[in-house]
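Right, one structure below, let's go through it.
Every read-out reported here was derived from the displayed coordinates using simple, explicitly stated rules and does not represent laboratory data. Computed from a predicted structure; not experimentally measured. Glycine gets a Cβ as well: all are built from the backbone with ideal geometry, and neighbour counts include every protein chain shown.
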Amino acid sequence: MKTYENTGSKDTRSGFGAGLEELGKSNENVVALCADLTGSLKMDAFKANHPERFFQVGIAEANMIGLAAGMTIGGNIPFTGTFANFSTGRVYDQIRQSVAYSGKNVKICASHAGLTLGEDGATHQILEDIGLMKMLPGMTVINTCDYNQTKAATIAIANHDGPVYLRFGRPKVANFTPADQDFQVGKAVHLQEGSDVTIVATGHLVWEALEAAKELNEAGISAEVINIHTIKPLDEEAIIASAKKTGCVVTAEEHNFLGGLGESVARALATKQPTPQELVATQDTFGESGTPAQLMEKYGLNAAAIVKASKKAIQRK
């Protein structure tokens, strides 16, 4: 069984900030726009070092998306930054009409997603953003798992032609993927081989999936763990191949089970490889105020929940 080392907990939003700053040095076409949350999105370094390419639009998210769409016409590659709730729900019409419909090369970068926003509560803890964005034709949807992967994804999407939704978070989480990784949009990452159950996880739940796999291994259950950083386009080939081998699947995500990764995997399995599947996700509910750890425990988004779902999936084979 392969083991992964937490090299030091870091927040994924800082990975975005580091990636954006690196792009600022290497790609003069990259511009950044922020809706009055420069510090929270870790865009300070880009702003300080490339002020002529940084645009503070204030609390005017709809205008930010419109500006970004227009900037692409001149060859710029705009990266917009605000909280996930404001990046999607508040500006869905602008994204649909000005970005997705015309295929504009805008990178919509969203921090503070999911329950791990914590004490800010339900109004800010968007749990439906992946569903909103993946339903837009031509939109690529990426949800990274740690600092290193977020930095690599930020750099990679600058070379991806077309609109992208990049989702990350605020809390410090395990940083365990390679610093020098080759991030490939739409390509799953096999973290661990297994024969009894496939665990397909995204975002903050990837580390929890690895922790669950350890516990399952101690119980004599061999778990295969796949990191799905790109929810759309989904690497169906990798998932189906694993499902054929193990005979059952568990999906894990910090998102509503309606519209998220689990639903995309279920569609792929139903149409190409019918397989028992259990979904670890929020159950069609809003969040509430609390610490990230408390909320992940209450809403069943942790290693213990993945272990329970895995055992249930195995029983259904």
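Structure data summary
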item	result
The chain: calculated mean residue ellipticity at 222 nm from DSSP helix runs of at least 4, using -39500 (n - 2.57)	-10500 deg cm²/dmol
Cα lying deepest toward the dipole's positive end in region 189-315, options THR246, PHE286, TRP207, charges on Cβ	THR246
Residue of GLY169, GLY89, GLY260 that the Gaussian network model of the chain assigns the largest fluctuation, springs spanning Cα pairs under 10 Å	GLY89
Choice from THR202, THR275, THR140 with maximal GNM fluctuation in the chain (Cα, 10 Å cutoff)	THR275
Contact order relative to length of region 145-185, as percent, for alpha carbon pairs under 8 angstrom and 6 or more apart	67
J(HN,Hα) series, region 223-235, from Karplus relation 6.51 cos²θ - 1.76 cosθ + 1.60, nearest Hz, glycine and proline x	10, 8, 10, 10, 8, 9, 7, 10, 7, 9, x, 7, 7
Choice from ALA293, ALA68, ALA174 with maximal GNM fluctuation in the chain (Cα, 10 Å cutoff)	ALA293
In region 1-62, trypsin sites (Lys or Arg not before Pro) in a DSSP loop with at most 12 other beta-carbon atoms within 10 Å	LYS2
Computed Rg/Rh of the chain, alpha carbon atoms with Kirkwood Rh	0.97
For ARG170, residues with placed amide H under 5 Å, excluding near neighbours	HIS112, ALA113
Label-zone membership for region 205-223, site THR285, 7 angstrom Cα→C-beta point, backbone N under 19 Å	205
Rounded to 5, the percent of DSSP beta bridges in the chain classed as antiparallel	15
Span from the region 248-317 Cα centroid across to the region 1-59 one, whole angstrom	30
Theoretical gain in end-to-end length, ALA241 to LYS311 [0.36 nm per residue, Cα-Cα removed]	23.2 nm
